[in-house]
1. For n ≥ 4 DSSP H runs only, could you compute -39500 (n - 2.57) per run for the chain, divide by its residues and tell me the 222 nm figure to the nearest 500?
2. Nearest 10 degrees is fine. How inclined is helix 28-53 to the longest principal axis of the chain, computing both from alpha carbons?
3. Under a 10 Å cutoff between Cα atoms, tell me which one of 92, 72, 59 has the largest fluctuation in the Gaussian network model of the chain.
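Quick note: the coordinates plus some simple rules give every number you see, no bench work behind them. Values in this document were obtained by computation on a predicted structure and should not be read as measured data.
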Ligand SMILES: [Zn+2]
């Protein structure tokens, strides 16, 4: 099993959708983590904007930032716990995946 393009040796591979192929089991904590990180970034940016253009971030915004920060840390910890399982399911997926496409040269092949 190779994870490189047989034509150009690129590692930028993309699985080609198969009807019966196993899907990797994405843990809910990863989705929560990505979502809360995005939200945190948004809140931090708006806080900075508030600090620059007015007299500091409002109390509500500060509370929201703290809450989202706690959620981010919590989901980060949950994801860290889910990580071995997630890795396992990704590996299973990689092994069961037969059809690949190279993103560099568009070459498609079967393993
Ligand atoms: Zn290629």
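1. On the way: 2 runs with 64 residues, N = 111.
Calculated from helices alone, the mean residue ellipticity at 222 nm is -21000 deg cm²/dmol.
2. 40
3. Maximum among the listed residues: 59.
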